[in-house]
């Protein structure tokens, strides 16, 4: 071998062997505490926070590093530092963001050449962590590195191992002040295993209320997901065992917060592995239990947990999770919570859930998204087999009166008021957008008037609530409607429209004597627009119109005789039995101005009598003031034929004889206070049974025309009561 080649080989050997040995000896013998100022300076610049090392700094060289599958060739350093402190911003309540008794980290050598800190593992010994957030969103865990970003070092952490310690959490946005203690378990606990001391009361209570079928539904959905993963080859490793327990106490919006649970020992970041988490929390009257795993924060299913919640009202979840939901009776729900948290972009799915809200059942999947500065959104599909209207009526401010478990009323609906007067929660409307498709098999307003096959799209866009279309079946017929409330206006502006057809009279009035055996179908339409802070206030200031038509009906003879005050005939009908009589036509047309509905047309035309009704219905004051003018047909043994006065509140109506006209033979003409043109206009517009049934109202219109009744107004001597325009009322809040 030539001398120069021998010298070259010796040089290579020296570089490959001697230099690393010398470097290893240097690293092992060097006093690294002398480098603490430089390390603190560089680390502080990298994070934009002051970092100090109060204890010793030590570095050890290694050729091979420990891996899960054994030792692997990986030249680098084992770095340990004690008494590590990272300062908080000046505005924080605590001085330190992190205090560590010690931190041990593995650092690879070769990535340093590319200005990358490759840290396969880091272990935190007795951490004390302070997490604070102000109302404007600034927080203690977001760092602002100083210097030139192009020259900044990249940090790549593989996994983080925890130790016993404590955490403080202060969130001004949710008025949260929480302290948690973390301690190591005596022995690892396998994921999903319950041990003495666990409190499964929340889970038991939820399952008791929603039914065991809900738990079976979740299990089947999980099994289906696992089968799909196996078919695609994307199987997940088993979660690691629990290694630490925690206990927390504090307050949120003045409510007491308590909680406990467990989690794993190592959180894998670069090579995700399921990190087990279990928690039981109580926030005021809301109890929450969860069990599942956290994996890669960038994964679509970074969070995969089963969630149980029970509480006095869904509205309380706004303070806890920032999700705006209506005020409801006590509820319970179980489902799968899946999704991810990313900087300025998060998505969480409440999947395959089942809920019990008051006496109503709900099921479906909802997705919550939050991106940047935009309002968060809630989307999804919800189904119901049985929905009590009072349970979710607060979506539009409807009466949700019920009794809670503590005996207190759950609604702010004023006494003696029928229209929904609960104010809209405008601030919550502005906090979140929504787009939810809802279907309901059976909706119950009360036992006498069930509603079926409800379908609607509930949207909240920039504080504008719409239910459009809102369709449902009622009393054998169908209703198509829409509701729009704009909370950006002051007070809010509301519009409502409704078209109904084929409603069966006997099913509308099953509990009303004389009408329960009636036949006939009712149709109509309503269009109203107003302003106010509640649905009642909007209706009380509304303008619009209301039209109804009934054809081909039959009603109790006794009921009609009572309406005409034919005393002797009432006695005769009682003796011979109540016989149904035909309703040839029944129609109503109201003009609504400033919340007062004025009767343009309101008539019942039967084979025995014609009853004309005039007057007003005040939606704002919830008052009725109507005059019924009966005009009998044919021979009656004795008939007072006196007008009847119907007045009072929506809740308590009083029917009495108009004593001023007790002996008068008022009315005189068949078309008493009836206008031919409004009636004719109703027939093609709202006839529930088609054109053939609508023809039953045509003879009445023809008779009116033959009598010479004009289309603008009836003659003065044919009016039972002038319908004067109501005085302008102040807008109701």
Point to revise | Calculated FRET efficiency for the pair residue 383/residue 227, C-beta based, R₀ 35 Å, to 0.05 | key: 0.90
Study note, to complete from the structure: Gyration tensor on Cα atoms of segment 263-333, a ≥ b ≥ c root eigenvalues, a/c under 1.5 rounded, else prolate if a/b beats b/c, else oblate, says prolate
Practice item. Residues in segment 45-63, backbone N under 20 Å from the label point at residue 90 (7 Å along the Cα-to-beta-carbon vector): list them, ranges by number please. Key: 45-52
Practice item. Compute the length gained on full extension between residue 208 and residue 157: take 0.36 nm times their separation in residues and subtract their Cα-Cα distance, giving the result in nm to one decimal. Key: 13.9 nm
**Study point:** Contour minus Cα-Cα distance for residue 63 and residue 42 (0.36 nm per residue)
**Key:** 5.0 nm
Review point. Segment 213-364: D in µm²/s via Stokes-Einstein (Kirkwood Rh, Cα pairs, 25 °C, 0.890 mPa s)?
Key: 145 µm²/s
Practice item. Please give the contour-minus-distance gain from residue 219 to residue 374: 0.36 nm per residue of separation, less the Cα-Cα distance, rounded to one decimal in nm. Key: 52.3 nm
Check your understanding: Using a Förster distance of 45 Å, how high is the FRET efficiency between residue 173 and residue 30, based on the Cβ-Cβ distance and rounded to 0.05?
Key -> 0.40
Point to revise | Pair residue 78, residue 471: separation of 7 Å Cα→Cβ label points (nm) | key: 7.2 nm
Practice item. Determine the percent antiparallel among the DSSP beta bridges restricted to segment 108-257, to the nearest 5. Key: 60 percent
Exercise for review: Could you give me the percent of Cα pairs per 5 Å distance bin for segment 231-294, shortest bin first, beginning at zero and ending with the bin that holds the maximum distance?
Suggested key: 4, 16, 20, 17, 14, 12, 9, 5, 2, 1
Point to revise | residue 490 paired with residue 427, simple spin-label distance in nm, labels 7 Å along Cα-to-beta-carbon | key: 1.5 nm
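A short reminder: the numbers here are calculations on the coordinates, not readings from a lab. Keep in mind that this is a model prediction, so the values were computed, not measured. Neighbour counts are summed over all protein chains in view; Cβ atoms, including those assigned to glycine, are modelled from backbone coordinates with ideal geometry.
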